[in-house]
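Inspection log for the structure reproduced underneath, given as structure tokens.
A short reminder: the numbers here are calculations on the coordinates, not readings from a lab. What you are looking at is a predicted structure, and each value in this text was computed from that prediction instead of being measured. Positions of Cβ are backbone-derived with ideal geometry, glycine not excepted, and every protein chain shown enters the neighbour counts.
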Amino acid sequence: MMRRHLIVPSVVLASVFASASCLGQTAAYAPIECAKASAPAEKTICGNYALGQDESRLATLYGLLTSLVAMGQRGDVMDAQQHWIASRNACGTDVQCLAQSYKARIGDLTKQFDALAKRGPF
């Protein structure tokens with residue numbers, strides 16, 4: 001009887017760790033590492049608190065969304081993210097342009113999240 005109580009928590013912990021490792025594999029986007037920032041847009045984002053917060057929010061939304069959608073849709077989300085990165089980087093050091101870029105992409109990801117939630121149940 002004592003063994004049974006130990007097995008269940010072990011199985012739960014193993015599934016949590018397996019899920020966490022899968023989440024890392026699905027997303028092809030990570031927040032900017034400011035110590036390694038090289039593009040003008042990245043340096044500007046790292047030097048601006050509000051843009052840094054936008055970057056963090058976007059990375060979180062993106063990671064969650066890509067872990068929840070089906071494989072085909074995940075590819076579409078990842079492709080759109082790569083296009084957005086190119087567009088964001090085209091802003092260079094223009095803070096207003098970067099803020100608008102983040103606002104639009106966060107809005108897009110939020111709409112996709114809302115659509116996913118409406119389709120539920122999970």
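Listing for the model above:
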| item | result |
| --- | --- |
| By average C-beta atoms within 10 angstrom, highest first, the peptides 96-103, 81-88, 62-69 | 62-69, 96-103, 81-88 |
| Radius 12 Å from Cβ of residue 99, net charge of other residues (Lys, Arg +1; Asp, Glu -1) | 0 |
